[in-house]
Amino acid sequence: MMNKEIGFKKNSKLSWLISLYLVLTFALPKINIYIGAVPLYFVDIISIFLIYRNINFKSDIKLKKIALFLLFMFIISQLVYLVLTNDIRIFSYNLIRHSIPIIGIFTFFPKIYQEITKKRTYVSIIKYSCLFTSIVLIGSSVPVTRDLIESLVSYNFLYPSAEKIFDKKSGVDEAIRGLSLIGVSNISGTIILFGLGIVIYFEKIKTSNILIILFTLAAATATYSRTVFISLILIFLFKVLISNINSNYKYLFSLIIISIFLNWGKLVENTKYLNFDRINKASFEIEASNENQIRGINERVFSYTQPFNDLQKKPFYLFSGATINSLRSKKSIKYFDLNVNNPDHSLFGRSFYIYGFLVSIIYMFILYLIWKNLMFCVKKRSNLFICIVPVFIWCFTSHGAITTPNGSAIFFLCLVLSTLIIKEEIRQ
């Protein structure tokens, strides 16, 4: 009887830890307290407890060696940064924050998968956390409620001053790109779509979920992010193509979806509640005189070509990079000319310049594994596709999976969840 009580208490504590971790990851990852000038994040504290409780957890996932190699190279990069700058504050901060998601691959991420498959309560937690984030995204986008969201972001407890990024257009009387307590628009949109995919996979599209699904899709639209919009298009196309409607109608609906996306700026008039100019102009009406547009495109294209040129000029990039500078310290290592286009706006480009070529190849291998999982979903017509595709597109065109701890956690959590779910589907 005593053993049963101890076991129940342990499971109860684990359940609370996982629940808190999911709420923080999908809604409030920046909740913190300051110790001196450095914020201490609640999500990191919960993660450390989860790592401790699951350090010997035996998972089916065969990625421990890759995770340990990444962890080793990450520690090396931080030591290089410490030696070159003598900035112990940044070294300590990064070592804790950015190593946790990597360790999660072989400790508590598989445990989260195991618990989600047993208890649908965790899926509900993800659902309502994404709903909260969606409300904040929409609220920050439109002028009527923007002041309220800006006041939320102003609290260091919810959003540390070291990371303040509220849009400079916050005072304008029109719709702007949504911001949440997760961060900027593209990572916020990616995470709510990732969470939505988990909900749809485990709970299907139930009547009780319709309103939350629509609200989440509206919030993803309010990001006005090209990355998120591409994910939305692929999700809609996927749902049409796997539906039971006649094949001819499938192609017709697919053509309509693509046509709407390509002509969105002409079909929808911008108002104080809608603003699709950025999507339209940045994607289809590129002007040679618009430096921001050209810069944004170049950063993405060159992130896959410039690293090879730099590797030839500076062979040290094979093993090391300039490391992460999360707190924007003045003691930084200048790894390329900041006056020209920064060729790092992708998972590959940023991992190359931060960790070096060897680690960037490992990250590309992990992205390839996610791609394989994505193709399995297409082949099997699995709703898991909705969960994976936003993370894959985001990593292909952005660098948040490297530069933000929460982005890194979502990247690795997506890998672990999709791999283990697919293994279970194959087994059955």
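Read-outs throughout are calculated quantities, based only on the coordinates presented, and are distinct from any laboratory measurement. Note that the coordinates shown come from a computational prediction; the quantities given were computed from them, not determined experimentally. Every residue, glycine as well, gets a Cβ built from its backbone with ideal geometry; the counts of neighbours run over all protein chains shown.
What the Kirkwood sum gives for region 186-225 is a hydrodynamic radius of 10.3 Å, with every pair of different alpha carbons counted. Summarising the overall dimensions of region 65-131 from its C-alpha atoms, the Rg and Dmax are 16.7, 49 angstrom. Sequentially through region 201-208, phi angles give Karplus couplings (6.51, -1.76, 1.60; θ = phi - 60°) of 5, 7, 10, 6, 9, 7, 4, 5 Hz, Gly and Pro residues having no value and appearing as x. Label-to-label distance, Thr121 versus Phe69, with points set 7 angstrom from Cα along the beta-carbon direction: 4.0 nm.
Between Thr207 and Ile33, what's the calculated FRET efficiency when r is the beta-carbon distance and R0 is 35 Å? Round to 0.05.
It comes to 0.25.
Shown is the FRET efficiency for Tyr52 and Gln114, computed with R0 = 22 Å from the Cβ-Cβ distance and rounded to the nearest 0.05: 0.80.
Between Leu40 and Ile33, Tyr34, Ile35, the built amide H atoms are under 5 Å apart, and every one of these is 5 or more places off in sequence or on another chain. Rounded to the nearest 20 debye, the dipole size of region 1-147 about its Cα centre is 620 debye, using +1 on the Cβ of Lys and Arg and -1 on the Cβ of Asp and Glu.
Beyond 23 Å in Cα-Cα separation lie the following of the pairs Lys65/Lys111; Lys30/Lys127; Lys111/Lys379; Lys119/Lys206; Lys13/Lys111: Lys111/Lys379. Take each peptide in 228-239, 19-30, count the other Cβ atoms within 10 Å of every residue, and average; sorted highest first, the result is 19-30, 228-239. Compared with the alpha-carbon gap, the fully stretched path from Val378 to Arg427 is longer by 15.8 nm at 0.36 nm per residue. Computed from point charges on the beta carbon alone (+1 for Lys and Arg, -1 for Asp and Glu), the dipole magnitude for region 96-165 about its Cα centre is near 380 Debye.
In order along region 300-310, the phi-based Karplus estimate (6.51 cos²θ - 1.76 cosθ + 1.60, θ = phi - 60°) of 3J(HN,Hα) comes to 7, 5, 5, 5, 9, 10, 4, x, 5, 5, 5 Hz; Gly and Pro are listed as x.
Phi angles across region 181-193 convert, under the Karplus curve 6.51 cos²θ - 1.76 cosθ + 1.60 with θ = phi - 60°, into 3J(HN,Hα) values of 6, 7, x, 5, 4, 5, 6, 5, x, 5, 5, 5, 6 Hz, Gly and Pro given as x.
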